[in-house]
1. Excluding residue A:282 itself, calculate the net charge of residues whose Cβ lies under 15 Å from the Cβ of residue A:282, where each Lys or Arg counts +1 and each Asp or Glu counts -1.
2. What does the highest-first list of A:25-35, A:532-542 look like by mean Cβ count within 10 Å?
3. Using 0.36 nm times the number of residues separating residue A:8 and residue A:455, minus their current alpha carbon distance, what extension gain do you get?
4. Using a cut-off of 14 Å between alpha-carbon atoms, which aspartates and glutamates can reach residue A:164, once sequence neighbours fewer than 8 places away in the same chain are excluded?
5. Starting from the Cα-Cα distance between residue A:279 and residue A:254, subtract it from 0.36 nm times their residue separation and give me the gain in nm to one decimal.
6. Rounded if a/c is under 1.5, else prolate if a/b is larger than b/c, else oblate: which is segment A:355-443, with a ≥ b ≥ c the root eigenvalues of its Cα gyration tensor?
7. Roughly how many nanometres apart are two label points built 7 Å out from the Cα toward the Cβ at residue A:366 and residue A:527?
8. Assign unit charges at the C-beta atoms only (+1 for Lys and Arg, -1 for Asp and Glu), then state the dipole size of segment A:565-670 relative to its Cα centre in Debye, rounded to the nearest 20.
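The values are calculated or read from the model by the stated rules, or taken from the named source; none is laboratory data. Keep in mind the model is a prediction, meaning the values are calculated, not measured. Positions of Cβ are generated from backbone atoms using ideal geometry, with glycine treated the same way; all protein chains shown enter the neighbour counts. Each accessible area value is taken on the protein alone, full model and side chains, heavy atoms only, with ligands, DNA and RNA left out. Shrake-Rupley method; radii C 1.70, N 1.55, O 1.52, S 1.80 Å.
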Amino acid sequence: MSDVTVTFPDGSTRSYATGTTAYEVAKAIGSRLGKAAVAAKVADTWADLDTPLLADTELAIITRDSDDGREVLRHGTAHVLAQAVTKLFPGAKYAIGPAIADGFYYDFELADGRTFSESDLEAITSEMVKIIKADQRFEREDLGFDAGREVFVEQRFKVEIIDKVSGGAADSDDAAEVSTDGVSIYRNRDADGRVCFTDLCRGPHVPSTSKLGAFKLLRVAGAYWRGDEKGPVLQRIYGTAWEDTKALEAHLLRLEEAERRDHRKLGVDLDLFSFPDEIGSGLAVFHPKGGVIRRVMEEYSRTRHAESGYEFVYSPHITKQDLFETSGHLQWFADGMFPPIEIDGGTDYYLKPMNCPFHILIFKSRSRSYRELPLRLFEFGTVYRYEKSGVVHGLTRVRGMTQDDAHIFTSRENMAAELASLLDFVLTLLCDFGLSDFYLELSTKPPGKAVGTDEEWDQATEALREAAASKNLDLVMDEGGGAFYGPKISVQARDAIGRTWQMSTIQVDFQLPQRFDIHYTGADNERHRPIMIHRALFGSVERFFGVLVEHYAGAFPTWLAPVQVVVLPVADRHDDYSHEIATSLKSQGVRIEVHDGHAGALGARIRRSKLDKVPYILVVGDADVENNTVGVNARGSDQPRRDVAISDFASELLTEIRTRSTGTADASSAN
RNA sequence: GCCGGGUUAGCUCAGCUGGCAGAGCAACGCACUUGUAAUGCGUAGGUCGUGGGUUCGAUUCCCACAUCCGGCUCCA
């Protein structure tokens, strides 16, 4: 018998008898590797462990604790879910069941229009556990398209997928299910050799269900078939699966942590903002404590913009219809706008969904010289967008929001330089708020929903790409995700627990300058068309606020905290001294409160301020009055400091505020 | 907008199959004057999201609407 030479990822090679399977190779290398193996990559292609090696090849064993391995486990668990559902809900049709970040889902259509409820998950879970214990083998078979249709004659979604792929219309979604030269299916066979479940699947799969197990079903949801709003609504079950129960538990703990940081919950607990039903969905009011944070955010932003050459403008919230006809909003963005307000049966007025047309009119109010460019017009502009009822979400998706919006009018020649310095500005501003881990997303022309020629779009897209490339950050493409008037770069920021949020957007626009026919006089005494750059750095103040709440888990750095210091007199006789401290620090701009004995026992007052996440609690008693000292109980430290000279505390505090230190921002100190 | 699940005091939640509503915390009052995460006692607070319907009787069952939550779609 001849041998095959196998090359491993580390470059080493070994010889095996022809026909040896990937699994046998893994076992031969070590019993631990054999146990951890869930699939293989043969010549860089995913493969099952029982794949025989018939020629010299590269081979990588995929282990259960790798990203690839977890994907295999999740996909396998999705199959088990589908088997359980088809058993418990006779007549159920199964559609697609991919692995996703941290988990998997599977979409079903139940007989007679039945739907899942959360209470079904328990029974489904028990059934899944049975299947896993039954140690069913996953068996692959490759079939022609027609044979595949025959296997799934009862499963209309599978047939639809096969039809679509066999017709050559494979898109990325389908690629997850089938290959292009036929289809592969996986059968689950129990110990008696009985076929329990068959699914259309590209694979690879674990050899048997007993390799699965650390999973949890999380929730049920409706989802459109193929994501098509007009298509049938399927019943989706989400779950998560991991290499072992320890990893599963850790993941569930992370979910709890995310829940604990939910800005909607913290907004109530910390008395920051609310969404009164009486006002309407997606319309927030900021309470005094939230108002402090927002004011400090806005003031700092204004300062930075002033330093960076922006000029401040103001514009109204409503405008006549014609303005949005000219801008193209009524043609391209009407779905996102509130219905018109009719005045005297004549002119319609609209709430503005964007600030750009107003800033253009300011540019247009008189003739402009090239010497004025780049002209940077900034406004905290409040806009209103009609968001569909199901999509409003806390402060991150609202119907009324304030953008830190600016429009930069610049020459074509200067555009690249302006974009580069703008990106710098964005990133440093976000860093000042404690976000420092970014990647960029480049959104291109939305097909069928855009104005302007392909050439103009290409030019604008290229300019953005160059600016992004110069920043040395990861750049992700978002094809077709641009606004109707131009492509955009979005800055995505990762927060303290690794979630990403869309923050700033920068958009290049050749269109609106044309539509409004704006121009400037160049050094050559000719008229030139300026380029517009739209940009919002917070995105919206509301969303940014919400993201900061979650990033800091409500424990804002001192410069942003609504109450920076609370002074607690031990007894009534320390009240005067407490107020002296407060008055003195207040005069230096510190947000400080005294909570005296009427607020309860000392322990209770400390607890109250801790729950409010106040950065510094000062406890003062006889010794402090005597020596001009304070006891400092800092947020996040478990040991209070005693006998700190008040002057020392004050200078440390003022420095921390002045430098906008985010030193107390780490996740563990958030309690 | 679509699918599913909710809506009981400021907050967190009890309230079995219909029979005129409860707790803890918070608020307020009194007492307590306290050295680093909950002092005690008392008081007040709800037309059970809104409007219809069924019923002798609805917080409870049905319908519509509002609103929230989890997703889908869409987005700053």
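1. In short, +2.
2. A:532-542, A:25-35
3. 156.2 nm
4. Hits, sequence-local ones excluded: A:146, A:173, A:174, A:177, A:181.
5. Fully extending the segment from residue A:279 to residue A:254 adds 5.6 nm.
6. Judged from the Cα gyration tensor, segment A:355-443 comes out oblate (a/c at least 1.5, b/c at or above a/b).
7. Spacing of the two 7 Å Cα→Cβ label points: 1.9 nm.
8. Its charge dipole is roughly 520 debye.
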